[in-house]
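Engineer: The structure is given below, and queries will be raised subsequently.
The values are calculated or read from the model by the stated rules, or taken from the named source; none is laboratory data. Here the structure is a predicted model, which means the values were calculated and not measured. As a convention, Cβ positions derive from the backbone with ideal geometry for all residues, glycine included, and neighbour counts pool all protein chains shown.
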Amino acid sequence: MLDHLTDIRPAEATARDVPEPLIEARGLCKAYSRRAVVLDGVDLRIEAGERVALIGSNGSGKSTLLKCLIGLHPITGGELTCFGEPVGPQASRAQRLRTRRQTGFVFQKHCLVRRRSVLSNVIHGLFGEAGSWRAFCHSLAPEDWRGRAMEALDAVNLADKAMLRADTLSGGQQQRVAVARALVRRPRLLIADEPAASLDPVSGRNVMELFSTLCREHDITLLYTSHDMAHATAYADRVVALKGGRVHFDRPVAKVSRANLHDVFDG
Amino acid sequence: MAERGFPQPGRFEGFSALNFALLVALGAVILASMGKVAPSPQQLAEGVPGMASLVGRMLPPNTEPAFLARIGMRILETFQIALVGAAIGIVLSLPIAWCAARGVSPFGRGSFLVKAFVSFLRTVPDLVWALLFVASIGLGAVAGTMTIVVDTIGFCGRFFAEAMEDAEKEPQEALSAIGAGKGSILVGAILPDIMPSLINSSLFAVEKAVRSSVVLGLVGAGGIGQELKVAFDLFQYRNASMIILAIFLIVLVMEICTDKLRARIQ
């Protein structure tokens with residue numbers, strides 16, 4: 001099933017070939033106003049091929065950090081590079097787009113276009129390459145795009161649902177469509193913002209296992225946030241904990257104790 | 001009833017003296033205006049026999065085959081003005097609405113200028129546009145079609161822009177996160193989401209265009225309205241009643257058709 005992704009990823013795009021580190025943040029700050037400081041000097045370094053879990057209580061700045069990494073939210077201080085290119089106010093629009101086009105992003109609420117087919121939604125993942133009016137629906141999309149989207153859907157076991165409307169699928173299936181959309185463009189980095197939070201335990205585990213398997217087999221660097229301690233430790237090599245807008249700890253999964261995890265969520 | 005531990009709100013609690021003064025002032029303006037422009041009971045009493053006489057002269061409606069054939073051609077022209085004008089207007093409204101929609105427009109904060117332009121098109125009445133086009137293009141259906149185009153852009157431009165502003169934000173953010181441009185976000189996320197609203201507004205625009213096109217002839221912009229004006233000018237009241245009946249029928253048919261289409265897309 002996963003061979004399809006190998007076929008569609010060009011050899012030069014594998015994560016191992018990217019100059020390390022893949023992501024580097026030094027003293028990263030993000031404030032929405034003087035009083036609303038969300039990130040307050042975050043240092044983070046992620047090497048290519050790593051699988052990193054980002055944990056923290058609500059409001060600790062996890063989602064903001066993820067969005068800052070690809071320039072969706074502009075940072076207000078510090079330095080940030082992604083794929084060796086700056087991603088801050090000083091970055092050009094072309095640099096920001098280049099970063100985004102090498103990244104797959106999966107949101108907590110899947111963010112699919114409800115009225116479009118599953119196939120159309122996966123094709124949307126290719127917009128970064130070349131957006132056009134043909135992106136309106138799958139019937140207008142180029143043959144090549146449809147083929148690649150079907151391969152990505154096959155990789156998440158949803159090829160048979162390609163022509164259904166996105167909002168007719170279950171929550172778990174919709175999240176798998178979002179994974180296919182993120183993977184169809186052969187990203188080097190996959191960012192997932194609490195991908196299992198809106199799913200039942202079984203669907204959540206299935207989605208996390210899918211992430212983990214696809215990223216391991218195809219050398220995709222994975223950075224995900226989670227409130228679920230089991231998810232944070234089972235599918236990552238490393239755990240980074242945020243508390244009060246700063247990195248509370250950053251250590252390999254093997255060195256993370258239950259007490260460490262509870263400490264992150266205490267007061 | 002048992003005594004409660006909190007103060008009883010007054011009868012006019014929350015109704016300030018300023019609100020009261022504004023209400024009184026509004027009432028005074030309406031009463032003063034009624035004295036000038038509202039019909040007096042005497043005027044109404046004197047008008048009823050005149051109206052009855054007019055209705056008497058209008059009946060029965062003229063059903064001569066030659067006249068009906070001429071009316072049929074004019075109705076066809078009215079429909080053509082309405083449909084062509086509305087179709088062109090709806091197509092032009094889409095890019096204009098995109099440029100006017102806040103948070104979606106490729107012009108960023110400059111979108112308010114486009115919105116102001118759309119407001120201008122909307123605030124000038126259709127008969128005034130018709131007079132302008134008749135003066136610039138000449139008498140006939142083309143002036144009517146141009147009027148409907150402008151009127152439709154004013155109407156659809158606003159509603160399309162509002163629908164784009166209210167479109168679901170999450171799919172747009174998801175596409176933005178993977179490097180899609182504004183055009184791709186419009187085509188991929190916004191238009192599919194607001195399609196029912198676009199169709200609904202377009203159907204209202206067609207309905208409005210049919211209603212407008214029947215009166216545009218009064219100022220020489222083609223359609224059945226031109227026949228109505230001639231009938232009244234020449235005191236041919238039986239012809240006029242037939243034309244009014246035809247206008248009623250085409251508006252009714254159009255409303256039934258658009259209602260059925262709207263029900264199907266809900």
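Engineer: Against the conditions (1) in the same structural domain as A:D228 (by TED's automatic domain parsing); (2) surrounded by fewer than 18 Cβ atoms within 10 Å (Cβ to Cβ); (3) modelled with pLDDT under 85, where does A:R98 fall short? Just the number, please.
Structural biologist: All conditions pass for A:R98, except number (2).
Engineer: Which residue, of B:S197, B:S176, B:S241, B:S201, is within 20 Å of B:P106 (Cβ to Cβ), among the hydroxyl-bearing types (S, T, Y) and modelled with pLDDT of 85 or more? Let's see the steps before the verdict.
Structural biologist: Details: B:S197 fails: within 20 Å of B:P106 (Cβ to Cβ); B:S241 fails: within 20 Å of B:P106 (Cβ to Cβ); B:S201 fails: within 20 Å of B:P106 (Cβ to Cβ).
Unique residue meeting the criteria: B:S176.
Engineer: Give the number of residues within segment A:83-114 that are within 12 Å of chain B (Cβ to nearest Cβ) and not charged (D, E, K, R).
Structural biologist: Let us first name the residues in segment A:83-114 that are within 12 Å of chain B (Cβ to nearest Cβ), namely A:93-114.
Retained after the next criterion (residues that are not charged (D, E, K, R)): A:94-95, A:97, A:99, A:102-108, A:110-113.
Number satisfying all stated conditions: 15.
Engineer: Return the residues of segment A:51-70 that are part of a loop (DSSP other than H, G, I, E, B) and buried (at least 20 other Cβ atoms within 10 Å of the Cβ); say none if nothing qualifies. Break it down into steps so the answer makes sense when it comes.
Structural biologist: Step one: list which residues in segment A:51-70 are part of a loop (DSSP other than H, G, I, E, B), which gives A:56-61, A:70.
Passing the criteria: A:G56, A:S60, A:G61, A:I70.
Engineer: I'm trying to understand the selection: among the residues of segment A:177-206, which are part of a helix (DSSP H, G or I) and within 13 Å of the chain's Cα centre (by Cα)?
Structural biologist: The initial filter retains those residues of segment A:177-206 that are part of a helix (DSSP H, G or I), namely A:177-183, A:201-206.
Correct list: A:A178, A:V179, A:A180, A:R181, A:A182, A:L183.
Engineer: I would also like to ask the following. Considering (1) in contact (Cβ under 8 Å) with a residue 40 or more places away in the chain; (2) out of contact with any Pro (no Cβ under 9 Å at 6 or more places or on another chain); (3) surrounded by 19 or more Cβ atoms within 10 Å (Cβ to Cβ), say which one B:A231 fails and leave the rest.
Structural biologist: (1)
Engineer: Somewhere in segment B:189-201, is a residue without any contact (Cβ under 8 Å) to a residue 40 or more places away in the chain, within 14 Å of another protein chain (Cβ to nearest Cβ), assigned to a helix (DSSP H, G or I) and surrounded by fewer than 16 Cβ atoms within 10 Å (Cβ to Cβ)?
Structural biologist: Yes - at least one qualifying residue is present in segment B:189-201.
Engineer: Could you tell me which numbered condition B:I178 fails, if it satisfies all but one of (1) buried (at least 17 other Cβ atoms within 10 Å of the Cβ); (2) without any contact (Cβ under 8 Å) to a residue 12 or more places away in the chain; (3) away from chain A (no Cβ under 14 Å)?
Structural biologist: (3)
Engineer: Kindly provide the set of residues from segment A:152-173 that are away from every other protein chain (no Cβ under 12 Å) and assigned to a helix (DSSP H, G or I), ordered by number.
Structural biologist: At the first step, the residues of segment A:152-173 found to be away from every other protein chain (no Cβ under 12 Å) are A:152-164, A:168-173.
Of everything in segment A:152-173, those that are away from every other protein chain (no Cβ under 12 Å) and assigned to a helix (DSSP H, G or I) turn out to be A:A152, A:L153, A:D154, A:A155, A:A159, A:D160, A:K161, A:T168, A:G171, A:G172, A:Q173.
Engineer: I would also like to ask the following. With respect to B:F160, is the statement that it is of a type in the set (F, W, Y), surrounded by fewer than 23 Cβ atoms within 10 Å (Cβ to Cβ), under 30 Å from B:T147 (Cα atoms) and away from chain A (no Cβ under 14 Å) true?
Structural biologist: Working: of a type in the set (F, W, Y): yes; surrounded by fewer than 23 Cβ atoms within 10 Å (Cβ to Cβ): no; under 30 Å from B:T147 (Cα atoms): yes; away from chain A (no Cβ under 14 Å): yes.
No.
Engineer: Out of everything in segment B:163-175 that is outside any loop (DSSP other than H, G, I, E, B) and among the small types (G, A, S), what residue ends up being nearest to the other protein chains (Cβ to nearest Cβ)? Can you show your working first?
Structural biologist: Filtering segment B:163-175 down to residues outside any loop (DSSP other than H, G, I, E, B) leaves B:163-166, B:169-175.
From the residues that got through so far, the ones that are among the small types (G, A, S) too are B:163, B:174.
Details: B:A163: 13, B:A174: 4 Å.
Only one residue tops the list, namely B:A174.
Engineer: Then there's this: Being at pLDDT below 85 and either part of a loop (DSSP other than H, G, I, E, B) or among the acidic types (D, E) (or both) is true for just one of A:A141, A:A135. Which residue is that? First the steps, then the outcome.
Structural biologist: Values: A:A135 fails: either part of a loop (DSSP other than H, G, I, E, B) or among the acidic types (D, E) (or both).
From the options A:A141, A:A135, the qualifying one is A:A141.
Engineer: Tell me, which residue of segment A:71-94 that is of a type in the set (D, E, K, R) and part of a strand (DSSP E or B) is nearest to A:R34 (Cα to Cα)? I'd like the intermediate steps shown before the answer.
Structural biologist: Looking only at segment A:71-94, we keep the residues that are of a type in the set (D, E, K, R), and these are A:79, A:85, A:93.
Still in the running and part of a strand (DSSP E or B): A:79, A:85.
Numbers: A:E79: 19, A:E85: 28 Å.
Step by step, filter segment A:71-94, then rank; the result is A:E79.
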